[in-house]
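Notes for the one structure printed next.
Derivation of every value follows stated rules applied to the coordinates shown; laboratory data play no part. Here the structure is a predicted model, which means the values were calculated and not measured. With ideal geometry, Cβ positions are generated from the backbone for all residues, glycine too; neighbour counts draw on all protein chains shown.
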Amino acid sequence: MLGLLRLRKSLALFGDASLWHTKSVIGCCTRVSSVLSTNAMLLNESTLRRMPVDVGLHISLDSGFSDEHAASRILRNGQPSAGSLQRVEHVIRAAIANGNRVRILTCVGPHSCYQLFELGERLAGLGVSEWNISRILPAGRALRNYDECWLINEQRIHEQITAMRKAYGWIRIRFSNRTKQDGYFLLVLPDGTLATQWTDGQDKVLLGRVLDMTLHELQSHPKFDLLGHGRKWLSSIVMSDDLTYDSSD
């Protein structure tokens, strides 16, 4: 299923990478600032050659260890995706060579929170220049047994990121913790309904229909945090309550 989100002449695409074979999607993305968010499992050099170079790629990569990465990419037969880390690395190299802007997205949990430096070494070797690291939200499938499965030592994350910024000065590394931030995400569901994500057990909160709702109604909706939506990533880590946000995409 393909989700489309258009804001300020920008377009974000989430879903099956094979949809890039359709001329309508490729044609649309030559007219707006576009990003494909993907795990890169269905991308290859042929697909990338057909993709406009001004389309950005946000590629999900949670571990620099082959076994850990394979375990996080379970196939339909229930088995880990053996060799998937190497395939994703090949896609990253090809995308950078193609001229696409590549950003790596990493979600940290107990399985990966002490392995960031190893992943950073891989990304540096691939020529990656943008890396966003974030906490898992207590929402959706992660809501079940969240404290048991997803709580981490955030101080240790801060220490690793500080060290990596010194070691890999050419990589822009940003960290985000929105585990307590409700109404941040703006979602377009398959039926055209606008929704946002809450972390208090409500999960997806419906806001209205995309074709019926005005921008003013969205901006003033009590369940949607427009200001929070505009503040995308923490640009620096400050060990206090004084957090500095980066509003750039």
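General observations
- Stretched out straight at 0.36 nm per residue, the stretch from R49 to L227 would grow longer than its current Cα-Cα span by 60.4 nm.
- Average Cα contact separation per residue, segment 183-224, under 8 Å, 6 or more apart, as relative contact order %: 34 percent
- Extending 7 Å from the Cα toward the beta-carbon at both Q86 and K180 defines two label points whose distance is 4.5 nm.
- Separation of the F65 and N145 label points, Cα + 7 Å toward Cβ, nm: 2.0 nm
- In plain terms, the chain from T193 to E217 could stretch by 7.2 nm, reckoned as 0.36 nm per residue minus the Cα-Cα distance.
- In this rough spin-label picture, where each label sits 7 Å from Cα along the Cβ direction, the R165-K204 distance is 3.5 nm.
- For the peptides 205-215, 150-160, 130-140, the ranking by mean Cβ contacts within 10 Å, running from highest to lowest, is 130-140, 150-160, 205-215.
- DSSP assigns beta bridges within segment 39-191; of those with both partners inside it, close to 5 percent run antiparallel.
- Built amide H within the under 5 Å cut-off of T199, gap 5+: G183
- Intensity falloff of segment 183-224 expressed as log10 I(q)/I(0), Debye formula with alpha-carbon point scatterers, at q = 0.25, 0.28 Å⁻¹: -0.82, -0.99
- Three-way shape label, segment 83-214, alpha-carbon gyration tensor, a/c 1.5: oblate
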